[in-house]
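Chemist: The structure's right below; bear with me while I get my questions together.
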Amino acid sequence: MNNSNLSTEHLSLAVYFDAVSKLELLLEAHGNKAAAHIKSNCLVDGRLNGELLDRQQLASFDLAFVAADLAAVRACVAYAEALESDSSAQSVVLLFCADTLNTVLTKLIERTSEFGIDRGHLLSIYQESHVDSLLTYCISAEFQASVGLTIVEEDRLRLPSNLGEEKELMGASFFRFANDVVIPLAGAIHRQDLDIPDSILKPAAQLGCFGTCIPERFGGLQPDEAPDSLGMIVVTEELSRGSLGAAGSLITRPEIAARALLSGGTK
């Protein structure tokens, strides 16, 4: 990559986001080619063969992460577009996107033979000017430090969610719960390898923590008309901020149980 003085290389955020979008589209095309290549190696008489697919497990696993990472980048770009006046939030998003796209490109390069992609072609992407500029500056220590300093100076605890009033209220409730209940207990739980105490479980239940994946018709918070995972994600994010081990995983088992009951349970 170009090792020019990064402090004089700052471009506008819009230019960098344009580079993000171009690189995402290019990597998506390579991902689609890899998926087609894997599929072609798993067909017998035009039908998918399970045994052949088993031989492609690791490549399929990595390709799934490629697809998920690219979807995350697209979602983050759309999020940044809605925050046009918030340059600090846009900088955080830009840092994530640049780092994620670099990871995706690396993963594709690692499995060129299994993905049916030309390694030289992928390596040449680094030489494209917009990619070089994006990856040289936006994942640099200088840029990361500047983003961190801005967050500290602005005393920002979170980025805008853009999720609407209902989800904001839900997040705020569990933000306070994580601060007041989870964080004071998390250290002892981890150090002493304790079970999650009732002092966390009971108030979490009272807040509706275990109802986020239960339909409203059964007394939960999940809308009856259509599945809505956002509430569960908002709650999990706040609980995980307090402590992943002491609270962040609380919803996992109730969700599994709820899905099993909804699928095969009686009234």
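The values are calculated or read from the model by the stated rules, or taken from the named source; none is laboratory data. Because the structure is predicted, anything quoted here is derived from the model rather than measured. Cβ atoms come from the backbone with ideal geometry, glycine included; neighbour counts cover every protein chain shown.
Chemist: Given (1) surrounded by 15 or more Cβ atoms within 10 Å (Cβ to Cβ); (2) at pLDDT 90 or above; (3) outside any loop (DSSP other than H, G, I, E, B), identify the lone condition not met by Ala260.
Modeler: Status for Ala260: all satisfied but (1).
Chemist: Further question on the same structure: Take the residues in the stretch 197-228 that are of a type outside the set (A, V, I, L, M, F, W, C) and surrounded by 14 or more Cβ atoms within 10 Å (Cβ to Cβ), then tell me which one is nearest to Val182 (Cα to Cα).
Modeler: Only one residue tops the list, namely Pro203.
Chemist: Pairs, please: C-beta under 8 Å, at least 6 apart or cross-chain, first residue touching a residue at least 40 places away in the same chain (Cβ under 8 Å) and closer than 15 Å to Leu25 by Cβ and in the stretch 63-88, second of a type in the set (S, T, N, Q) and in a helix (DSSP H, G or I)?
Modeler: From residues that are touching a residue at least 40 places away in the same chain (Cβ under 8 Å) and closer than 15 Å to Leu25 by Cβ, the pairs are Val73/Thr100; Val77/Ser21.
Chemist: For Glu51, indicate whether it is farther than 30 Å from Leu157 by Cβ and either assigned to a strand (DSSP E or B) or assigned by TED's automatic domain parsing to the domain that holds Gln144 (or both).
Modeler: Working: farther than 30 Å from Leu157 by Cβ: yes; either assigned to a strand (DSSP E or B) or assigned by TED's automatic domain parsing to the domain that holds Gln144 (or both): yes.
Criteria met by Glu51.
Chemist: For Leu239, are the conditions met, namely being assigned to a helix (DSSP H, G or I) and touching a strand residue (DSSP E or B) at 6+ places or on another chain (Cβ under 9 Å)? Reasoning before the result, please.
Modeler: On the way: assigned to a helix (DSSP H, G or I): yes; touching a strand residue (DSSP E or B) at 6+ places or on another chain (Cβ under 9 Å): no.
Considered against the rule, which asks whether it is assigned to a helix (DSSP H, G or I) and touching a strand residue (DSSP E or B) at 6+ places or on another chain (Cβ under 9 Å), Leu239 comes out as no.
Chemist: May I pose another question? I'd like to verify a number: residues in the stretch 144-163 that are of a type in the set (A, V, I, L, M), in contact with a helix residue (DSSP H, G or I) (Cβ under 7 Å, 6 or more places away or on another chain) and farther than 21 Å from Phe175 by Cα, how many?
Modeler: Qualifying residue count, the stretch 144-163: 1.
Chemist: If Ser161 satisfies all but one of (1) among the small types (Gly, Ala, Ser); (2) modelled with pLDDT of 90 or more; (3) within 30 Å of Asp86 (Cα to Cα), what's the number of the condition it fails?
Modeler: Just one mismatch for Ser161, condition (2).
Chemist: Within the stretch 126-177, count every residue that is at positive phi and more than 21 Å from the chain's Cα centre (by Cα). Spell out the reasoning first.
Modeler: Our first condition is that a residue be at positive phi; within the stretch 126-177, this holds for 155, 162, 164.
Applying the additional criterion that residues be more than 21 Å from the chain's Cα centre (by Cα) yields 155.
Going through the stretch 126-177 one residue at a time, the tally reaches 1.
Chemist: Consider Ala64 carefully, then state whether it is under 30 Å from Ser146 (Cα atoms) and in the same structural domain as Leu149 (by TED's automatic domain parsing).
Modeler: For Ala64, the condition - under 30 Å from Ser146 (Cα atoms) and in the same structural domain as Leu149 (by TED's automatic domain parsing) - is not met.
Chemist: Could I ask something else about it? Might you let me know whether the stretch 36-58 holds any residue that is β-branched (Val, Ile, Thr) and in contact with an Asp or Glu (Cβ under 8 Å, 6 or more places away or on another chain)? Spell out the reasoning first.
Modeler: Taking the stretch 36-58 as the starting set, the residues that turn out to be β-branched (Val, Ile, Thr) are 38, 44.
With the extra rule that they be in contact with an Asp or Glu (Cβ under 8 Å, 6 or more places away or on another chain), the set shrinks to 38.
Yes, the conditions are met somewhere in the stretch 36-58.
Chemist: Consider only pairs whose beta carbons are under 9 Å apart and that are at least six residues apart or on different chains; among these, list those whose first residue lies in the stretch 107-130 and is outside the structural domain of Asn32 (by TED's automatic domain parsing) and whose second residue is surrounded by 16 or more Cβ atoms within 10 Å (Cβ to Cβ) and part of a helix (DSSP H, G or I).
Modeler: Between residues of the stretch 107-130 that are outside the structural domain of Asn32 (by TED's automatic domain parsing) and residues that are surrounded by 16 or more Cβ atoms within 10 Å (Cβ to Cβ) and part of a helix (DSSP H, G or I), there is no close pair.
Chemist: Here are the criteria: (1) out of contact with any strand residue (DSSP E or B) (no Cβ under 8 Å at 6 or more places or on another chain); (2) closer than 28 Å to Val92 by Cβ; (3) assigned to a helix (DSSP H, G or I). Tell me which single one Pro160 does not satisfy.
Modeler: That leaves (3) as the condition not met.
Chemist: Can you tell me which residues in the stretch 229-251 are surrounded by fewer than 18 Cβ atoms within 10 Å (Cβ to Cβ) and either over 17 Å from the mean Cα position of the chain (by Cα) or outside the structural domain of Leu207 (by TED's automatic domain parsing) (or both)?
Modeler: Gly245
Chemist: While we're here: Quick check: is even one residue across the stretch 34-46 under 30 Å from Leu94 (Cβ atoms), at pLDDT 95 or above and in the same structural domain as Ser146 (by TED's automatic domain parsing)?
Modeler: So the first thing to find is which residues in the stretch 34-46 are under 30 Å from Leu94 (Cβ atoms), and the list is 34-35.
Those still in the list that are at pLDDT 95 or above too: 34-35.
Keeping just the survivors that are in the same structural domain as Ser146 (by TED's automatic domain parsing) gives 34-35.
Scanning the stretch 34-46, I find at least one residue that is under 30 Å from Leu94 (Cβ atoms), at pLDDT 95 or above and in the same structural domain as Ser146 (by TED's automatic domain parsing), so the answer is yes.
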